[in-house]
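Data first, discussion second: the structure below is written as structure tokens.
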Amino acid sequence: MLSRRDTLLTSLKTAFGLAIGASSPLGTLLTSPAAASDRPRSADWAIPFGAAIRDWPFQNEPAYRSALIAHCRQIVGEGGLKWADIRPTRESFVFDQPDRHMAFARQNGMEMRGHTLVWYGAMPEWTKTIGSSTEAERELVGHIETVMGRYRGRIKSWDVINEPIPDDPASRSDIRPSIWQQRMGEAHIALALRTAARIDPQAQLVMNEYDIEYVGDRFRRKREAFLRLIRDLKLRNTPLHAIGLQGHLRGEVAIDRDGLSAFIAEIRSMGLDVLVTELDVIDNKLPGPPDLRDAMAAARAYDFLQAIQTVARPKAILTWGITDKYTWVPLWFKRTDGLANRPLPFDEAYQPKLLMRVIEHFAKDPR
Ligand code: XIL
């Protein structure tokens with residue numbers, strides 16, 4: 001008779017084309033029975049683990065806060081520091097949410113990352129009225145001075161630039177449209193980084209991107225366009241310290257392990273660090289049964305983290321949420337069978353999933 005373990009590995013092979021040896025490190029991770037390590041103790045892992053924090057459950061659900069306290073060494077606001085939240089009008093800065101998160105981080109001995117200063121998304125309507133390059137420059141610099149200035153020395157790592165490359169770049173010099181790109185062109189990126197370095201010279205300045213880890217032409221082009229931008233910034237001695245791989249993994253698409261490792265090697269050769277900033281597994285196109293789905297998600301994350309870690313040790317691994325109960329994934333990637341998405345390391349009842357085991361494995365730095 002087939003054991004549960006064999007059944008799972010066979011299903012993975014049928015559904016996913018993934019042959020995983022039962023005694024391979026991944027096979028063992030996916031099939032070993034729940035053990036003490038299923039209560040992750042991230043305090044002594046080589047790589048700090050963290051998660052994005054959503055303000056509503058943070059304020060209203062004690063179990064949510066407890067999970068963050070129990071498992072995370074870092075947090076990052078899912079919102080709160082985005083322009084739409086912090087700049088409802090041109091004249092105002094609303095710091096309530098990030099201040100709350102910062103107080104929580106400090107009380108619990110966590111670091112808080114800053115997300116984000118320059119992004120095309122979550123821009124308040126009024127920014128459309130920014131008319132000239134001079135005005136755009138003034139607004140962007142003023143924003144970074146005020147927001148970074150407030151948290152100087154307290155937020156030690158900032159996603160200064162988020163998602164600068166279009167989904168399907170037309171050329172290597174293609175930059176994603178935003179008010180900043182429309183008014184200043186690519187120069188807004190260096191301006192933001194230089195301003196950030198001036199305001200908090202100790203802070204780790206990060207440029208963050210998604211969709212660069214998969215097999216496929218579009219993703220190879222995105223990697224190349226991102227690398228072109230990074231190289232140009234470094235050639236001009238622009239302060240930039242690390243690249244953030246968001247890691248919103250599409251469950252059904254294979255990781256280009258060689259392509260991703262080569263990308264990381266190139267980043268390292270420029271002296272840049274790597275972080276995993278928003279890991280989760282988008283599971284709308286994965287099969288329904290939770291056991292199989294969780295194993296597939298964990299296997300994807302394994303491929304992703306291993307391709308990075310064979311080249312460099314990430315400075316942090318953060319997931320974009322802690323529990324399946326609160327995740328952005330259904331906003332864009334709802335399942336058609338009515339089942340809930342399961343993208344995160346803990347389920348809706350805050351029980352650890354296979355994804356957490358995989359993260360723990362890499363965060364302990366097995367090299
Ligand atoms: C998402 C948040 O999770 C949602 O709650 C919000 O409505 C939209 O933004 N990449 C990013 C994040 O860099 O800022 C996005 O966060 C998810 C994709």
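Nearest 0.05, what FRET efficiency do Glu252 and Asn60 give at R0 = 45 Å with Cβ-Cβ as r?
Rounded to the nearest 0.05, the efficiency is 0.85.
Quick one: angle between helix 354-363 and the longest Cα principal axis of the chain, in degrees between 0 and 90, rounded to 10, please.
Tilt of helix 354-363: around 60 degrees.
Tell me, in nm to one decimal, what length is gained between Ile69 and Arg220 on full extension, where the rule is 0.36 nm per residue of separation less the Cα-Cα distance?
Taking Ile69 through Arg220 to full extension adds about 50.6 nm, to one decimal.
What angle do you read, to the nearest 10 degrees and between 0 and 90, between the alpha-carbon axis of helix 217-235 and the longest principal axis of the chain?
40
Among the lysines in the chain, how many pairs, 8 or more places apart or on different chains, have alpha carbons under 14 Å apart?
5
Please report the relative contact order for the chain, taking Cα pairs under 8 Å with a sequence separation of at least 6, and give it as a percent rounded to a whole number.
Averaging sequence separation for qualifying contacts and normalising by length gives 17 percent for the chain.
Out of Ala298, Ala307, Ala63, any idea which swings most in a Gaussian network model of the chain, alpha carbons joined below 10 Å?
Ala63
Angle check, please: helix 257-269 long axis (alpha carbons) against the longest principal axis of the chain (alpha carbons), in degrees 0 to 90, nearest 10.
Once rounded, the angle reads 40 degrees.
Give me a comma-separated list of calculated 3J(HN,Hα) values for the stretch 295-301, in order, Karplus coefficients 6.51, -1.76, 1.60 applied at θ = phi - 60°, integers in Hz, x for any Gly or Pro.
5, 5, 4, 5, 5, 4, 4
Which of Leu29, Leu205, Leu275 ends up with the largest GNM mean-square fluctuation for the chain, with Cα atoms connected below 10 Å?
Highest fluctuation of the listed residues: Leu29.
Run through the DSSP bridge list for the stretch 43-364 and note the antiparallel percent, rounded to the nearest 5.
Beta bridges within the stretch 43-364, antiparallel portion: roughly 5 percent.
Taking the alpha-carbon centroid of each part, what is the distance from the stretch 82-110 to the stretch 158-231 in angstrom?
24
For Thr134 paired with Lys364, estimate the spin-label separation in nm (one decimal), with each label point 7 Å from Cα along the Cα-to-Cβ line.
6.1
Return the long-range amide H neighbours of Ile53 (sequence gap of 5 or more, or a different chain), with a cut-off of under 5 Å between placed amide H atoms.
Amide H neighbours of Ile53, under 5 Å, 5+ apart: Val76, Gly77, Glu78.
Where does each of Leu240, Leu354 land when they are ordered by accessible area, with a 1.4 Å probe and the largest first?
Largest accessible area first, the list is Leu354, Leu240.
Can you tell me the convex hull volume per residue for the stretch 73-220, based on C-alpha atoms, in Å³ to the nearest whole number?
113
With a 10 Å cut-off between alpha carbons and a GNM built on the chain, which of Pro352, Pro124, Pro239 moves the most?
Pro124
Mind checking the per residue accessible area of the chain for me, 1.4 Å probe, whole number of Å²?
41
Calculated FRET efficiency, Glu348 and Val94, Cβ-Cβ r, R0 35 Å, to nearest 0.05?
0.70
Around Lys325, with a cut-off of 10 angstrom between Cβ atoms, what is the net charge of the other residues, counting Lys and Arg +1 and Asp and Glu -1?
Counting the neighbours of Lys325, the net charge comes to -3.
Name the residues whose placed amide hydrogens come within less than 5 Å of the amide hydrogen of Arg176, ignoring near sequence neighbours (fewer than 5 apart) on the same chain.
Amide H to amide H, under 5 Å and 5 or more residues apart or across chains, Arg176 pairs with Ile165.
Please express the Cα-Cα pair-distance distribution P(r) of the chain as a list of whole percents, one per 20 Å bin, running from 0 to the bin with the greatest distance.
Binned Cα distances yield the sequence 29, 59, 12, 0.
The values are calculated or read from the model by the stated rules, or taken from the named source; none is laboratory data. Since the structure is predicted, the reported quantities are computational estimates derived from the model, not experimental observations. Cβ coordinates were reconstructed from backbone atoms using ideal geometry, including for glycine residues, and neighbour counts include every protein chain displayed. Side chains included, ligands, DNA and RNA excluded: accessible areas come from the protein's heavy atoms. Shrake-Rupley method; radii C 1.70, N 1.55, O 1.52, S 1.80 Å.
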